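The values are calculated or read from the model by the stated rules, or taken from the named source; none is laboratory data. Everything quoted here is computed from the prediction, not taken from an experiment. Glycine gets a Cβ as well: all are built from the backbone with ideal geometry, and neighbour counts include every protein chain shown.
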Amino acid sequence: MPDTMLDRSPFLEGPYAPVTEEITAFDLPVTGSLPAELNGRYLRNGPNPLGLDDPGSHWFLGPGMVHGVRLRDGRAEWYRNRWIRSRHVAGALGETWPGGPVHAGMDAAANTHVIAHAGRTLATVEAGPLPYELSAELDTLGPCDFNGTLPGGYAAHTKLDRRTGDLHAVAYFWGWDHVQHVVIGTDGTVSGTTDIPVADGPMMHDFALTERYVVLFDLPITFSMDAAATGSKLPYAWNPLHEARVGLLPREGATRQVRWLEIDPCWVFHTLNAYDDGDRVVVDMCRYEGAYDLSQLAGQGPLTLDRWTIDPSAGRITQRRLDDRQQEFPRVDDRVVSQPHRYGYSAAVGEISRDTVLPSGDFTDGAFAHALLKHDLTAGTVEGHEFGRDSTVGEAVFAPSSPEAAEDDGYVMAFVHDPDRGAADLVVIAAQDFTAEPVARVHLPARIPLGFHGSWIAEP
Ligand SMILES: [Fe+2]
């Protein structure tokens with residue numbers, strides 16, 4: 001593993017540079033017209049180091065900060081950004097830690113996702129620590145072990161089955177010889193766990209869910225003490241000795257044995273969605289072909305949007321390229337998670353290295369970090385919404401016009417950096433008119449660093 005991140009991390013610079021203040025702002029200026037049906041909060045989590053005292057740390061390791069905008073009746077009521085108060089963060093801010101359960105001594109300011117379930121708002125992170133519960137206005141309430149029912153740590157990525165209200169996750173932790181499928185019921189407590197034996201302590205950042213299966217990605221990035229000792233301090237690294245495989249864990253039934261299928265070595269951070277198709281399982285994902293260098297966040301091969309059709313009875317996986325533009329942070333309309341989907345949204349990205357923090361090139365080369373993509377996977381078409389050349393945009397989320405609206409009848413939302421103001425806008429795009437001017441831009445009072453994942457949390 002090259003020890004090249006001992007110098008100042010590129011993730012403290014440019015569009016990744018952390019902000020230094022927590023801000024509360026009301027009645028934000030809007031260009032365009034905010035749809036009145038958007039009533040709720042758009043929240044997004046991401047790392048925001050407290051100081052510049054540890055310049056070697058990896059992007060994934062900074063304490064989480066949640067940025068949120070409250071929309072109501074065509075107005076943008078407020079913007080808030082708040083660090084998650086872990087014990088360390090609370091101490092650094094001169095505050096008293098709210099306290100609560102801790103798994104295996106691993107307390108972390110959860111930096112990866114922010115979701116809502118069973119009346120809670122949760123900031124989540126993987127690899128051992130518990131999520132943190134937040135108030136509606138983003139104040140930290142404390143770590144959450146689901147009323148004492150979670151046996152271990154939790155996960156960054158979750159999948160909500162809207163038919164049942166159950167929240168699914170796959171937790172992993174270097175201290176375990178297994179990963180753990182966890183179901184949180186509608187009462188906000190754990191209704192079931194299943195331990196799945198694995199070798200080498202694999203990183204399982206995301207998974208997929210269908211009506212019948214939990215789809216597991218056991219890929220060759222595994223726990224590594226050597227990697228922990230390098231400048232990036234991230235204790236996971238590519239392990240060519242670890243067999244790459246994908247597993248189907250039946251959600252129901254007396255025998256819940258995982259059906260594992262071997263695949264070529266590759267890396268997958270994120271799935272778009274998955275669904276059952278007869279006896280087969282279809283799963284779409286952003287896939288890095290070949291080896292992946294986690295310390296540099298760089299793949300050896302191309303990053304593409306791919307579809308795997310898994311036939312468990314034949315023991316065969318058919319791979320198909322859906323789009324060869326480089327892209328990440330794939331999202332569907334949350335209402336179709338585990339069900340067939342037609343549309344998907346993703347962020348066009350370039351390779352992030354020490355030399356090119358911001359990729360350059362033409363959008364048609366798929367090498368910009370200032371465009372969002374909309375995929376129509378039935379028609380086989382892709383539309384791009386480009387922002388200004390010096391703008392940056394990360395993950396976008398979809399908000400339906402109404403609970404019963406058609407799959408792409410709604411809005412795509414994302415924080416977009418406006419270089420002219422030196423601050424972020426919450427941009428709202430009509431999904432069915434994807435390349436048109438945004439219907440609204442909410443002008444926020446500060447910059448928002450590029451971060452990870454978020455949610456539109458509608459309120460009735
Ligand atoms: Fe992720």
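Structural remarks
- Within segment 196-219, the residues that satisfy the criterion of being away from the ligand (no atom under 16 Å from the Cβ), touching a residue at least 60 places away in the same chain (Cβ under 8 Å) and not in a loop (DSSP other than H, G, I, E, B) are I196, Y213.
- Residues that are among the hydrophobic types (A, V, I, L, M, F, W, C) and in a loop (DSSP other than H, G, I, E, B) were ranked within segment 281-311; the one that is surrounded by the most Cβ atoms within 10 Å (Cβ to Cβ) is L294.
- Just one of the listed residues (F217, F207, F223) is modelled with pLDDT of 95 or more and more than 15 Å from H181 (Cα to Cα), namely F223.
- Taking segment 225-252 as the range and being within 16 Å of the ligand (Cβ to nearest atom) and in a strand (DSSP E or B) as the test, only Y236 passes.
- Residue within segment 410-419 that is within 16 Å of the ligand (Cβ to nearest atom), among the small types (G, A, S), assigned to a strand (DSSP E or B) and modelled with pLDDT of 95 or more present: yes
- Test result for T271, in a loop (DSSP other than H, G, I, E, B), of a type outside the set (A, V, I, L, M, F, W, C) and within 26 Å of G315 (Cβ to Cβ): no
- From T222, T189, T193, T255, residue being touching an Asp or Glu at 6+ places or on another chain (Cβ under 6 Å) and more than 16 Å from the ligand (Cβ to nearest atom): T222
- Residue satisfying all of: in segment 436-460; part of a strand (DSSP E or B) and within 16 Å of the ligand (Cβ to nearest atom); surrounded by the most Cβ atoms within 10 Å (Cβ to Cβ) among these: G454
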